[in-house]
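Here is the structure we will look at, set down as structure tokens.
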Amino acid sequence: MRNVSRWGGLGAAVVLAAALLLFPSLAPNPYILSAGVVVLNYAVLATSWNFVGGLTGYISLGHGALAGLGGYATGLLVTRAGLGSFVALFVAAALIGLLAVPLGMAALRVRGASFVIVSIAIVLILLLVFQSWASFTGGSHGLVVPRPFPGLSRPEHHRAFWFLYAGLLALALLAWWLVDRSRFGLGLKAIREDEDKAEALGTPTFAYKLIVFVVSAVFTALAGGLYALWFGDLDPVFQFSILSGSYLVLMALLGGVRNLFGPVVGAIVVGVALEYFKVSFGDTQLHLVATGLLLGLVVLFMPDGVLPAIGALVRRFRPDDSATIREVTAAELRELSKAGESR
């Protein structure tokens, strides 16, 4: 079973890599390519969220705000401090990582519903700050961020950022995979299963949670900063929206938080659905209703996520090797017993 799972994971990685490499060439028009960049952005954000949500079980609705901070920090470093686009991106990610330390120290002292409420409060506070501080952030008028590749046409611009996001997604998946298989990851999963018992057994639970929160914040900030450089226009209402954080949670839960590629699958399903519903019902609130119904149906019938549901379906139709082994062993024991009696 372990070999089958290993080969399945390797096959999924190959398929994902091929899709990332081929999609820009197969996209029929610039709009589809730009929509693909949006979906890829969601995939990076959902994977970044999964460092905390999937490994520790802490449900954060504030990760959308961390992406917004990464976007604004990158944009302000470019427009106010005069840094180069990608220098600003990495400096911003480092600053958000430092900021995540006090944020995590405050938020991670509570659990369950209290942690969810604290994460929502962080989003609302940041929204008020960035809306009110208009002289620095642009306020409700937004912040315009210069494009890093001014000589490229719009389709070429989308193509360049597609590959930048693909590289960031690969890095985030590799980091999650390494953490998941490490002693550190074992401690995080112990926190997820029973934090009190893990602490009683000597796991430094608070330190582990804080470290993984900072790692998650850095990847989230990088995704938000890339979005600022790609899209070029930041609005505090959109960047610090509880709805954005909720989408990340739903994407990860939809795909399966305990699976490496679960958030990516969830991001593809939800991201494509969002883009389709926005095109079809964008002038009304029906796109939110349609998206909510879709997610509700999937979560209702596949509560553990899409990938675990597919795995369970495959196992249902696969011969039970372990049962066969037990039957053969029992038969051999009976033969041995009969042989002993005849002697």
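Read-outs: derived from the displayed coordinates by stated rules, not from any lab. As the structure is a prediction and not an experimental result, all values here were calculated from the model. Glycine gets a Cβ as well: all are built from the backbone with ideal geometry, and neighbour counts include every protein chain shown.
As I understand it, the value is the acute angle between the Cα axis of helix 286-301 and the longest principal axis of the Cα atoms of the chain; what does it come to in degrees, rounded to 10?
20 degrees
Hey, could you grab the Kirkwood Rh for the stretch 116-199? Inverse mean 1/r over distinct alpha carbon pairs, Å, one decimal.
Result for the stretch 116-199 stands at 17.4 Å.
Mind listing the phi-derived Karplus ³J(HN,Hα) values for the stretch 132-149, rounded to whole Hz, using 6.51, -1.76 and 1.60 with θ = phi - 60°, and x for any glycine or proline?
Each residue of the stretch 132-149 in turn: 7, 8, 5, 5, 10, 9, x, x, 5, 6, x, 10, 8, 10, x, 6, x, 10 Hz.
From the phi of every residue in the stretch 160-171, what ³J(HN,Hα) in whole Hz does the Karplus formula 6.51 cos²θ - 1.76 cosθ + 1.60 yield, where θ is phi - 60° and glycine or proline is x?
Working through the residues one at a time gives 4, 6, 4, 6, 5, 5, 4, x, 5, 5, 4, 5 Hz.
Please find, in a Gaussian network model of the chain (springs between Cα atoms separated by less than 10 Å), the residue of 219, 240, 90 whose mean-square fluctuation is greatest.
90
With a Förster radius of 45 Å, plug the Cβ-Cβ distance of residue 288 and residue 183 into 1/(1 + (r/R0)^6) and report the FRET value to the nearest 0.05.
Efficiency for this residue pair is about 0.60.
What list of ³J(HN,Hα) values in whole Hz, one per residue of the stretch 261-272 in order, does the Karplus curve 6.51 cos²θ - 1.76 cosθ + 1.60 (θ = phi - 60°) give from phi, with Gly and Pro shown as x?
So the J values, rounded to whole Hz, are 9, x, x, 5, 4, x, 5, 5, 5, 5, x, 5.
On full extension of the chain, what length is gained from residue 136 through residue 15, given 0.36 nm per residue of separation minus the C-alpha to C-alpha distance?
Difference between extended and current length: 39.1 nm.
Where q = 0.09 Å⁻¹, what log10 of I(q)/I(0) comes from the Debye formula for the stretch 30-304, counting one point per Cα?
-0.40
Extending each Cα 7 Å along its Cβ direction at residue 279 and residue 31, get the distance between those two points in nm, one decimal.
0.6 nm
Would you mind getting me the FRET efficiency between residue 152 and residue 194? Use the beta-carbon distance for r and R0 = 45 Å, nearest 0.05.
Step by step, r from the Cβ atoms, then E = 0.30.
Taking 0.36 nm per residue of sequence separation and subtracting the Cα-Cα distance, how much length would be gained by fully extending the chain between residue 111 and residue 99, in nm to one decimal?
Here the segment from residue 111 to residue 99 would lengthen by 2.3 nm.
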